[in-house]
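Undergrad: First, the structure itself, so that you have it in front of you.
The values are calculated or read from the model by the stated rules, or taken from the named source; none is laboratory data. Note that this is a predicted model, so its numbers are computed, not measured. Neighbour counts run over all protein chains shown; Cβ positions are idealised from the backbone, glycine included.
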Amino acid sequence: MNRSQFFRQFVTAGIFFIVLQTVCVSQSKSMNPSGFKIYRGVNLSHWLSQNFGWSPKATFITEQDIKFIDSIGYDHVRIPLDEAELWDTTGKPIEESFVYLTSCLNWCATYNLRAIVDLHIIRSHYFNAGNEGGTNSLWTDTNAQKTFLLLWNELSARLKHFPVSMVAYELMNEPVAENPEDWNKLIKKAVHTLRALEPQRVLIIGSNRWQLPGTFPQLKIPLRDPNIILSMHTYSPIVFTHHLAGWVQFKSYKGPVHYPGQVVTDEDYSSFVQKDSLLAEVMKNAREEWNKQKLAEELLPAIKRAKELGLQLYCGEFGCLPHVDRNERLAYYRDLTSVFRENGIAYCNWEYKGDFGIYTFDFQKNISLAPDVDLIRILTKK
């Protein structure tokens, strides 16, 4: 099914989605004064960040993609950016990549989509470095921190003409510092830098250690700045959502997984996991009962912190690979998005195109195929 056929199917069925105009009371109370309103969005990954060469940049994301995203009911996109994709090793801007970025933002303006510009990976910090044998110098190298701030200076210089009601900046994706105070200190410097340039721009800030909800009590941000949105990420239960992923600690586990209920049954745990002490440690919560209530409980520290600060809470990433049972995968998305809506949490699923995407994915050819109608209906439900 191509995009035009998909579009006609939705119209014929009378399920053409429109951009959300209302929001629950709990969220509207904490809406930022700059008017940057977001409710449900999708990540434009593997384009200007973590680009694996699946498709040329010029064709991977086009105006037609933005038009399609708008037509199915999303109201915003998150655009991950890597330093290596926008600046060469000498620090010189890669103009072609900046053209792609600004073109995308112009398309978003055409279709009334908001956009989050997310500094995803920088040369001194990669969120998965620990699992891939790498290290991060950002927390100990003052020059690396200066470079981080300079990147935002340059991004601001190029993007500040976009309305504050349309474009927001996410300081950095999934910081991973040994000491949360190292991230808190860098937040303070980054906010100070950007507020001198753009006093009203909405800044999106997550907690240390992958923006997990459980780390939100340690998050510190400048007070009395209402143009901040707090951002968490959740992939719990990760043994289910990342089943057969090649970049996780439990990648050797090939046994069955389930949702709802025990992700790994006692029997399967005894057969596949118990004999491996590393697997037993990283997979221990997979023996717990996972359901909608458990998913909601995982988010409570972030919900509480957002209420304390009087700020909007956002989930900038969540998703599940399609290696699991399809009905169980859809049940997971249905439960989690329901929790978001019930708690007034805006959200942005990982991802548009790719293995987590809203299209079916050919893992042999690494290409996105047809839109997954059932998944899209769940993700864009009001």
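Undergrad: Please determine, by comparing only the residues of segment 90-134 that are part of a loop (DSSP other than H, G, I, E, B) and charged (D, E, K, R), which one is farthest from S156 (Cα to Cα).
TA: R123
Undergrad: Has segment 218-241 got at least one residue that is out of contact with any helix residue (DSSP H, G or I) (no Cβ under 8 Å at 6 or more places or on another chain), assigned to a loop (DSSP other than H, G, I, E, B), at positive phi and not charged (D, E, K, R)?
TA: No.
Undergrad: Please work out which one of (1) more than 26 Å from R195 (Cβ to Cβ); (2) in contact with a helix residue (DSSP H, G or I) (Cβ under 9 Å, 6 or more places away or on another chain); (3) polar (S, T, N, Q) is the condition T147 fails and give its number.
TA: Unmet condition: (1).
Undergrad: Within segment 273-284, count every residue that is surrounded by fewer than 19 Cβ atoms within 10 Å (Cβ to Cβ) and either modelled with pLDDT of 90 or more or not in a loop (DSSP other than H, G, I, E, B) (or both).
TA: Number satisfying all stated conditions: 6.
Undergrad: Please find, within segment 135-181, the residue that is farthest from T89 (Cα to Cα) out of those that are among the basic types (K, R) and not in a loop (DSSP other than H, G, I, E, B).
TA: Across segment 135-181, the extreme among qualifying residues is R158.
Undergrad: If you don't mind, another one. Residues of segment 207-249 being among the hydrophobic types (A, V, I, L, M, F, W, C) and farther than 28 Å from D325 by Cα, which ones?
TA: F216, L219, I221, L223, I228, I229, L230
Undergrad: Anything in segment 346-360 that is under 18 Å from K57 (Cα atoms) and of a type outside the set (S, T, Y)? List them, or say none.
TA: Correct list: E351, K353, G354, D355, G357.
Undergrad: Can you pull out every residue in segment 62-89 that is without any contact (Cβ under 8 Å) to a residue 60 or more places away in the chain, crowded, with 18+ Cβ neighbours inside 10 Å and assigned to a loop (DSSP other than H, G, I, E, B)?
TA: Selection gives D75 alone.
Undergrad: I'd like the residue in segment 204-233 that is over 15 Å from the mean Cα position of the chain (by Cα), surrounded by 19 or more Cβ atoms within 10 Å (Cβ to Cβ) and of a type in the set (A, V, I, L, M) and, out of all such residues, is nearest to K304 (Cα to Cα).
TA: Checking each candidate, the answer is L219.
Undergrad: Assess whether I204 counts as being aliphatic (A, V, I, L, M) and in contact with an Asp or Glu (Cβ under 7 Å, 6 or more places away or on another chain).
TA: Yes, satisfied.
Undergrad: Is at least one residue of segment 319-337 at pLDDT 95 or above, out of contact with any helix residue (DSSP H, G or I) (no Cβ under 8 Å at 6 or more places or on another chain) and aromatic (F, W, Y)?
TA: Checked segment 319-337: no residue is at pLDDT 95 or above, out of contact with any helix residue (DSSP H, G or I) (no Cβ under 8 Å at 6 or more places or on another chain) and aromatic (F, W, Y).
Undergrad: Follow-up. May I ask you to list the residues in segment 253-272 that are small (G, A, S) and at pLDDT below 90?
TA: Within segment 253-272, S270, S271 meet the criteria.
Conditions tested, residue by residue: (1) in contact (Cβ under 8 Å) with a residue 12 or more places away in the chain; (2) within 30 Å of G35 (Cβ to Cβ); (3) part of a loop (DSSP other than H, G, I, E, B); (4) β-branched (V, I, T).
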{"site": "L244", "(1), (2), (3), (4)": "yes, no, yes, no"}
{"site": "V248", "(1), (2), (3), (4)": "yes, no, yes, yes"}
{"site": "G255", "(1), (2), (3), (4)": "yes, no, yes, no"}
{"site": "E267", "(1), (2), (3), (4)": "no, no, no, no"}
{"site": "Q293", "(1), (2), (3), (4)": "no, no, no, no"}
{"site": "A302", "(1), (2), (3), (4)": "yes, yes, no, no"}
{"site": "A306", "(1), (2), (3), (4)": "yes, yes, no, no"}
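Undergrad: Take segment 161-186 and flag every residue that is of a type outside the set (A, V, I, L, M, F, W, C) and closer than 11 Å to L203 by Cβ.
TA: Y169, E170
Undergrad: For segment 170-183, state whether one or more residues are under 24 Å from K37 (Cα atoms), touching a Ser or Thr at 6+ places or on another chain (Cβ under 8 Å) and surrounded by fewer than 17 Cβ atoms within 10 Å (Cβ to Cβ).
TA: no
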